[in-house]
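The values are calculated or read from the model by the stated rules, or taken from the named source; none is laboratory data. Predicted, not measured: the structure shown is a model, and the values here were computed from it. Methodologically, a virtual Cβ is constructed for each residue, glycine included, from the backbone with ideal geometry; neighbour enumeration extends over all protein chains shown. The area values use the complete protein model at the heavy-atom level, side chains included, leaving out ligands, DNA and RNA. Shrake-Rupley method; radii C 1.70, N 1.55, O 1.52, S 1.80 Å.
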Amino acid sequence: MGTVNDTALNKSDAAPEQPGAPSDRTATIAPAVRLADVAVRFRTKKKDVTALEEVSLDVARGEFVAIVGPSGCGKSTLLKLVAGLLAPSAGGVALGGEHVRGPRRDIGFVFQRAALLDWRSARRNILLQAEMRGLPAAGARARADELIRMTGLDGFEDAYPHELSGGMQQRVALCRALLHEPPVLLMDEPFGALDEPFGALDALTREQMNVELHRIWRETDTTVLLVTHSIPEAVYLADRVVVMSPRPGTVTEIIEVGLPREREYAATLASAEFRSATGRIRELLGAAGAHD
Ligand SMILES: Nc1ncnc2c1ncn2[C@@H]1O[C@H](COP(=O)(O)OP(=O)(O)O)[C@@H](O)[C@H]1O
Ligand SMILES: [Mg+2]
């Protein structure tokens, strides 16, 4: 943990924070997420670990960015920086032009495991977000119902987590992350990680969740940062895919996915653009020598 570099944050096209300037004016100009020359070093008793080094990334408002990279290259660390759960050792992080100085309430976070409360129904798990934030109950209930419809959970509102499939539990977690309409949604291997093959969703459910998530993203103007180890998932969902190097994690290359916003699943996977993007990412990760 160290000082945050304001100069790095403001060095290019983002409007610098000006005292007294209305923050929404800044937000319309600045990227939704900015990482500027970020480094993260962890000091433990045994050794020091550099998780991230010289990472710079701008994510535009409403953009969907996927992050892929070998295990341990700092992907989760990167999301924690954006959420303000971790301070960089060097460089700076900003959301909508506003410097991240501590935990942010204006983000949604979906973790690898749905992390639902067993004793609460699906609806009450979703509403937990509102209770924790002290949001007005009536508005929250209406929004929860809308999200339940959007994610196809209708009819399961009153079911408890153990009565739901893995995919449904992840939908509940997604609804909970979206309840307060965060401008930025962070997702850390939400459909299963490499080191947890048995906890992961089956392939068909995963595909359905991908289609679902893509539709929800199109229908809202949320900015999404998704960490995944699945190359097809990254390319199907994202506008751009950030490929990271093994630790210390740096940005190896950013792949622009030249697919239309509307993406029918089977046709997209069969397209030349999809194959070329996935091929390029495989090549980059293969060269890194630490990927499946
Ligand atoms: N709180 C911490 N203390 C010490 N080392 C950590 C901590 N968090 C992560 N690391 C180390 O930083 C590196 C990056 O971790 P992480 O961001 O979880 O990687 P990824 O999500 O890409 O698998 C790993 O070597 C990990 O062991
Ligand atoms: Mg991780």
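Within segment 158-193, which residues have the backbone N less than 15 Å from the label spot 7 Å out from Arg141 along Cα→beta-carbon, could you tell me?
From segment 158-193, the list is 158.
Using the eigenvalues of the Cα gyration tensor, what equivalent ellipsoid semi-axes result for segment 93-223 when each is taken as the square root of five times the eigenvalue, whole Å, largest first?
On the way: eigenvalues 100, 73, 40 Å².
Here the semi-axes work out to 22, 19, 14 Å.
Kirkwood Rh over alpha-carbon pairs of segment 115-181, then Stokes-Einstein at 4 °C and 1.567 mPa s: what D in µm² s⁻¹, rounded to an integer? All intermediate terms of the calculation are to be shown ahead of the outcome.
Details: Rh = 11.4 Å.
Translational D for this selection: 113 µm²/s.
Ignoring any ligand, DNA or RNA, what whole percent of the accessible area of the chain comes from carbon and sulfur when the probe is 1.4 angstrom?
Values: 7130 of 13640 Å².
Taking all protein chains in place, the chain shows 52 percent carbon and sulfur surface.
How much accessible area per residue does the chain have, counting only protein heavy atoms and a probe of 1.4 Å, in square angstrom? Write out the running numbers ahead of the final one.
Numbers: 13640 Å² over 292 residues.
Accessible surface, normalised per residue, equals 47 Å².
At 7 Å along the Cα-to-beta-carbon direction for both Asp48 and Glu253, put a label point, then send me their distance in nm to one decimal.
3.2
Under 18 Å between alpha carbons, and skipping anything fewer than 8 positions from Lys45 in its own chain: which aspartates and glutamates qualify?
Leaving aside aspartates and glutamates fewer than 8 places away in the same chain, none come within reach of Lys45.
Hey, rough spin-label estimate for Trp119 and Ala159, points 7 angstrom out along Cα→Cβ, what's it come to in nanometres?
Each label point lies 7 Å from its Cα, and together they span 2.3 nm.
Any idea what the alpha-carbon Rg over 2.2 N^0.38 Å comes to for the chain? Don't skip to the answer; put the middle values down first.
Values: Rg = 19.0 Å, N = 292, 2.2 N^0.38 = 19.0 Å.
Dividing the Cα Rg of the chain by 2.2 N^0.38 Å gives 1.00.
Of the candidates Leu79, Leu226, Leu135, which one comes out as most mobile in a Gaussian network treatment of the chain with C-alpha springs shorter than 10 Å?
Leu135
Just Ala83, Ala36, Ala159 to compare: in a GNM of the chain, with alpha carbon springs under 10 Å, which one fluctuates most?
In this elastic network of the chain, the residue with the biggest mean-square fluctuation among Ala83, Ala36, Ala159 is Ala159.
I'd like to compare 171-180, 42-51, 89-98: which one has the highest average count of other Cβ atoms within 10 Å, and what's the full order after that? Don't skip to the end; give the middle numbers.
On the way: 171-180: 23.7, 42-51: 10.8, 89-98: 22.0.
Highest mean packing first, the order is 171-180, 89-98, 42-51.
How far apart, in nanometres, would the label points at Tyr265 and Asp221 be if each is projected 7 angstrom from Cα along the Cα-to-Cβ direction?
Distance between label points: 2.9 nm.
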